[in-house]
Amino acid sequence: MNSEKQYIDLYEQCRDTIAGYSAEPMNAVREAAFGDFQRLGIPTKKVERYKYTDMQALFEPDYGLNLKRLDIPVDPYEAFRCDVPNLSTSLYFVLNDGFYSKVQPKANLLPEGVVVGSLCEYARKNPEFVAKHYAKIAKTSEDGITALNTMLAQDGLLVYVPRNVKVDRAIQVINILRSDVDLMINRRVLIVLEEGAEAKLLFCDHAADDHRFLTTQVLEAYVGGNAVLDLYCLEETHARNVRVSNVYIDQQADSRVNHNVITLHNGVTRNLTDLVFSGEGAECYLNGCVIADKTQHVDNNTLIDHRVPHCTSNELYKYVLDDSAVGAFAGKVLVRKDAQKTSSQERNQNLCVTKQARMFTQPMLEIYADDVKCAHGSTVGQLNDAALFYMRQRGISLKEARLLLQFAFINEVVDSIKLEPLRDRLHYLVEKRFRGELSKCEGCKLCK
C-alpha cells in the first residue's frame, strides 16, 4: 500500500493553485514540507508513535479537496445552534479549513488588540508576524502528517493575544465540516499568547453532513512568559469522520497550560500532543476523556519534553470502551539532563465494558536528570462485580448500575474543566452519551 503517492501527484500537479489561494508565509515553507513528505510519507505501523492506528488505510481513499476555495453554502447559526447555559462566549466559525467571515460574532467583546480571524488574511497583511511563528514548532521534518498538512494547508485560524491582555470571555470556535461529496480538509491553527496574556479557547468539531470527511489539523500554540492558556477540544461528529490532529505547544517561563481533549462521538480519531517546556517554572495539565462504542477508534499520543529545570507536568487520560471499540494511549515524559527539580505525574486509566473492546496503553518515562519527582501508571479493567452486586441489592437495575459506574469513572476528567458552565453541561452530555442518546450527529448536543 502506497497511500502517499496520490498526494505527491496532487501537489506536483496543483502546486501553483494551492499557493495562489494562500499567503506568502504559508507558501514559504510549502516546498520544504513537500520534500519532507516525499521522504517520510504516510506513517506506517512500523513508526513507533503511529503503531496503534493504520494511517495508510485512512489516507488511501480518494477524497475531494477544495483547492480553488469554492464557496460552500452554509448558515453556521442554522448548522450549529449553541447556547450553553451561562457560558458567555465570543463565538466564531471555521468552515472546513477557512475562517467564516460572512457573519460577525453576535457577542464580540474581546479586548483591544486581540485578533481572532483568518490565518491567511492576517498573513497577507502582517507577513512578518506569521512568518515568525508559522511552522516553527510543528516540524515537518519529524512527522509525515505534519508535513502533508503544511504542504496542502491554504488557510486556518489565528488567535493572537497581546502582552498582558487578559481575555475574560471564553473564545468559542466551531469547526463545521460541510460538503456535498467526500472531502479532505487540511486546517491550520496558530495561537500566540504574548507575555502575561491569558485566554480560554473552546474548539468544537461538528459535522453538518453525513459524508466521509478526512481532516488533518496542525495546531501551534506559543505561550509566553507568565501567560495562561486554557484549551478545550471537544469532538462530537459522526461515525464516518476521520480526524487526525497534531498539537504543538511551546511554554515559556512561569506559564500555565490546561489542555483538555474530549471525544464523545467519532469514527476514527488520532490525536498527537507535543508540549515543550522552554522556560523555568512552567506548569501544564493534559487531560483526556474518551467514550467510544460500536467500532469507533480513538488513539491519543503525547510527549511532554522537560528541557529546563523547575517545571511541573500533570497528565490524566481516561477511556470507557464499549462494544468493539478500540482505544490507544501512548504518553511519554522526557526529562533532559539539565531539567533538575522536575515534577511529573502521568496516569492512564481505562474501562473495557465488554470483552470485545480493546485498549492499548503505553505510559513512558525517560529521565536523564537525578533530582526529580516523577511517577506514571496505567490500569485496564472492567466494571466492578462487587459494586454492581451492591447496587442491585438496593433496587438499582443492572443497566442503570453499569451506567452509574461508567459515569463515576469518567467524572474525574470532566471535573478538571475550569469553565463551570461547560463542565456542568459536559456532565449532562456524558450521561446522555452513556445512555446512547448521542448515537449520531444531529447538531452539536451542546445546544440541546
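Here are a few things to note about the model shown:
- Of the residues 373, 418, the single one that is in a strand (DSSP E or B), open to solvent by 50 Å² or more (accessible area, probe 1.4 Å), more than 23 Å from residue 324 (Cβ to Cβ) and of a type in the set (D, E, K, R) is 373.
- Tally of residues being open to solvent by less than 20 Å² (accessible area, probe 1.4 Å) and touching a Lys or Arg at 6+ places or on another chain (Cβ under 7 Å) across segment 191-212: 3
- Flag if residue 238 is under 19 Å from residue 97 (Cβ atoms), surrounded by fewer than 20 Cβ atoms within 10 Å (Cβ to Cβ) and modelled with pLDDT under 95: no
- Any hit, segment 388-401, residues being open to solvent by less than 90 Å² (accessible area, probe 1.4 Å), in contact with a strand residue (DSSP E or B) (Cβ under 7 Å, 6 or more places away or on another chain) and outside any loop (DSSP other than H, G, I, E, B): no
- Odd one out for residue 358 among (1) within 20 Å of the chain's Cα centre (by Cα); (2) within 22 Å of residue 235 (Cα to Cα): (1)
- Residues that are open to solvent by less than 40 Å² (accessible area, probe 1.4 Å) and touching a residue at least 60 places away in the same chain (Cβ under 8 Å), drawn from segment 11-28: 11, 18, 22, 23, 25, 26
- Condition met for residue 98 (free of Cβ contacts under 8 Å to residues at least 60 places away in the same chain and open to solvent by less than 40 Å² (accessible area, probe 1.4 Å)): yes
- Extreme residue, surrounded by the most Cβ atoms within 10 Å (Cβ to Cβ), among residues of segment 29-46 that are part of a loop (DSSP other than H, G, I, E, B) and touching a residue at least 60 places away in the same chain (Cβ under 8 Å): 42
- So residue 367, is it among the β-branched types (Val, Ile, Thr) and over 23 Å from residue 293 (Cα atoms): yes
- Screening segment 279-339 for strands (runs of 3 or more DSSP E) wholly inside it with 2 or more residues that are polar (S, T, N, Q) and at negative phi returns the ranges 297-306, 312-321.
The values are calculated or read from the model by the stated rules, or taken from the named source; none is laboratory data. What you see is a predicted model, and the numbers here were worked out from it, not measured in a lab. Neighbour counts run over all protein chains shown; Cβ positions are idealised from the backbone, glycine included. The protein model used for the area step is the full one, side chains on, heavy atoms only, and it has no ligands, DNA or RNA in it. Shrake-Rupley method; radii C 1.70, N 1.55, O 1.52, S 1.80 Å.
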